[in-house]
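*Asks:* Structure incoming, see below.
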C-alpha cells in the first residue's frame, strides 16, 4: 500500500551534502539529509507519543482517585431496582446460565465501568444518562466494590 504523503518537496528543498563531525575524527555522510534524519524524527515522535500516553494515564489515575464517592446502600437498592441482578446476580457474581458476566467487585476503574455501561459491547443494552444518572452509576460501582472478592482456586482444596 502506498502512502499518500510524499517526501519529494522536502528532498528537493534539502538536496545538500553534509558532514558529521565527532570527537574521534571526521566522518562524512553523503546522502539526502531527509533519508538520514528520518529515523531520528520517527524515534522522537514515538518517544513523544509514549510520554504523552504516560502523562494521560497518570492524570486518569488522579481522576479516579478524586472521583465522587458512591453510597453502597443506595447502590444496592439501584442494582436491584433497575434489574442489574437479573443478568449479573444479586452480588454481581455473574449468572449461572452465562447471561451476564461477573461484575463484582469490578476489575475496571470507575470511569471505565461508567463508559462500559453507557456504551457496552455484546448483549448488554446501553444505559444512557436519561435512564440512569452518573451518581446512580457511582453508587452501583461503590456497591460492587464492597462485594467480597472470590476465593482464588489455589486456595480451594477440592480444586487442587
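*Asks:* With a point put 7 Å past each Cα toward its Cβ, work out how far residue 71 is from residue 160 in nm, to one decimal.
*Replies:* A separation of 4.3 nm, rounded to one decimal place.
*Asks:* Once the Cβ-Cβ distance between residue 123 and residue 153 is put in as r, and R0 is 25 Å, what FRET efficiency do you end up with, to the nearest 0.05?
*Replies:* 0.40
*Asks:* Now a separate question. Provide 141, 113, 79 in ascending order of the number of other Cβ atoms located within 10 Å of each residue's Cβ, fewest first.
*Replies:* Details: 141 26, 113 19, 79 22.
Least crowded to most crowded, the residues run 113, 79, 141.
*Asks:* Pull out the extension gain between residue 80 and residue 134, defined as 0.36 nm times the separation in residues minus the alpha carbon to alpha carbon distance; nm, one decimal. Don't skip to the answer; put the middle values down first.
*Replies:* Details: separation 54, 0.36 × 54 = 19.44 nm, distance 1.69 nm.
Gain on stretching residue 80 to residue 134: 17.8 nm.
*Asks:* Can you give the extra length, in nm with one decimal, that the chain gains between residue 111 and residue 93 once fully stretched, where that is 0.36 nm per residue apart less the Cα-Cα distance?
*Replies:* Numbers: separation 18, 0.36 × 18 = 6.48 nm, distance 2.06 nm.
Between residue 111 and residue 93, full extension yields 4.4 nm more.
Each value in this text was obtained by applying a stated rule to the coordinates, not by laboratory testing. What you are looking at is a predicted structure, and each value in this text was computed from that prediction instead of being measured. Note: ideal-geometry Cβ built from the backbone for every residue, glycine included; neighbour counts use all protein chains shown.
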